[in-house]
Amino acid sequence: DKHIRLSLSKGRDNVQTVFFGQTLSAFPYKSGDTVDVALRIERNEYKGEVKLSLQVKDIRPAGENDRAMFESMGLYRRFLRGERLSPEETCLLRPDRNLMGAVYKYIKENKKWSFSEEILCMRTGCPYEKAGAVKICLDALCEVGLLINKGTEYEISDFVGKADLRNCEKLEKLGFIF
């Protein structure tokens with residue numbers, strides 16, 4: 001099906017919704033996730049019976065700082081283009097060892113990753129202003145052979161041996177501490 005039904009709750013209140021154009025396999029959220037949802041209320045009449053229908057129009061992690069996330073991803077794109085970043089910008093884009101480990105561990109436990117950096121931030125507990133750093137982690141893990149980028153999905157490789165992040169050019173440019 002090209003739509004999913006969702007049960008949303010806040011406190012003791014519970015509503016049933018439908019998310020058209022969304023498949024379960026492409027839906028990044030799990031039961032228990034705290035999200036912000038934009039709904040459209042429709043009035044449906046069928047055989048004289050009137051019901052309200054709630055349609056999900058957009059959904060995202062609750063409390064997400066859109067501006068910080070977009071700025072972080074903008075820093076990532078500037079870095080890829082070779083633009084000079086200030087020391088503060090470099091610090092925001094540079095992942096630390098804990099973030100690198102959290103990203104790899106999460107993907108390894110789930111065998112693959114096919115959603116946005118925003119969702120990976122939510123899953124790893126990383127602040128949204130570090131979304132660009134999460135993307136750097138994905139790039140670095142691919143560069144050293146631990147992950148395989150398949151376009152819209154990252155998979156754990158069958159790499160055997162010890163991967164050395166010191167061989168990652170992007171991490172070196174950002175001053176990653178090994």
With the charge dipole of region 37-81 built from beta-carbon charges (+1 for Lys and Arg, -1 for Asp and Glu) about the Cα centre, the Cα from G48, G63, L75 projecting farthest to the positive end belongs to L75
For K10, the aspartates and glutamates lying under 19 Å Cα to Cα, once residues fewer than eight places off in the same chain are dropped, come out as D33, D36, D58, E64
When every protein chain stays in place and a 1.4 Å probe is rolled, K57, K47 sorted by accessible area with the largest first are K47, K57
Checked region 9-87 with the C-alpha gyration tensor, a ≥ b ≥ c its square-rooted eigenvalues, rounded below a/c of 1.5, otherwise prolate if a/b is larger than b/c and oblate if not; verdict prolate
Mean separation of Cα contacts under 8 Å (at least 6 apart) over the residue count of region 18-141, i.e. the relative contact order in percent, is 25 percent
Inverse of <1/r> over all distinct C-alpha pairs of region 104-166, i.e. the Kirkwood Rh in Å, gives 11.9 Å
Calculated from DSSP helices alone, with each H run of at least 4 adding -39500 (n - 2.57) and the total divided by the residues of the chain, [θ]222 nm to the nearest 500 comes to -10500 deg cm²/dmol
Relative to the chain, whose Cα atoms define the longest principal axis, helix 66-80 and its Cα axis are tilted in degrees, nearest 10, by 40 degrees
Helix 131-143 sits off the longest principal axis of the Cα atoms of the chain, rounded to the nearest 10 on a 0 to 90 degree scale, by 60 degrees
Per DSSP loop assignment and a cutoff of at most 14 other beta carbons within 10 Å, the chain keeps its longest run without exposed GluC sites (Glu not before Pro) at 1-82
Note on region 133-175: alpha-carbon gyration tensor, axes a ≥ b ≥ c; rule is a/c under 1.5 for rounded, else prolate if a/b larger than b/c, else oblate; result oblate
Partner aspartates and glutamates whose C-alpha sits under 12 Å from that of K111, ignoring same-chain residues fewer than 8 away, are E153, E155, D158
The percentage of the accessible area of the chain (probe 1.4 Å, all protein chains present) made up of carbon and sulfur atoms, to the nearest whole number, is 48 percent
At the level of C-alpha centres, the distance separating region 108-150 and region 45-73, in angstrom, is 24 Å
Magnitude of the Cβ-charge dipole (Lys and Arg +1, Asp and Glu -1) of region 32-102 about the Cα centre, nearest 20 debye, reported as 240 debye
Semi-axes a, b, c in Å (a largest) for the chain, each sqrt of 5 times a Cα gyration tensor eigenvalue, come to 38, 18, 13
With the 1.4 Å probe rolled over protein heavy atoms, the chain has an accessible area per residue in Å² of 65 Å²
Those cysteines in the chain that have no second cysteine Cβ within a distance under 4.7 Å are C91, C137, C142, C168
Bridge orientation stat for the chain from DSSP, antiparallel percent rounded to 5, came to 95 percent
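The values are calculated or read from the model by the stated rules, or taken from the named source; none is laboratory data. Worth saying up front: this structure is predicted, and the values here are computed from it rather than measured. Glycine gets a Cβ as well: all are built from the backbone with ideal geometry, and neighbour counts include every protein chain shown. When the accessible area is computed, the model is the full protein with side chains, heavy atoms only, and any ligands, DNA or RNA have been set aside. Shrake-Rupley method; radii C 1.70, N 1.55, O 1.52, S 1.80 Å.
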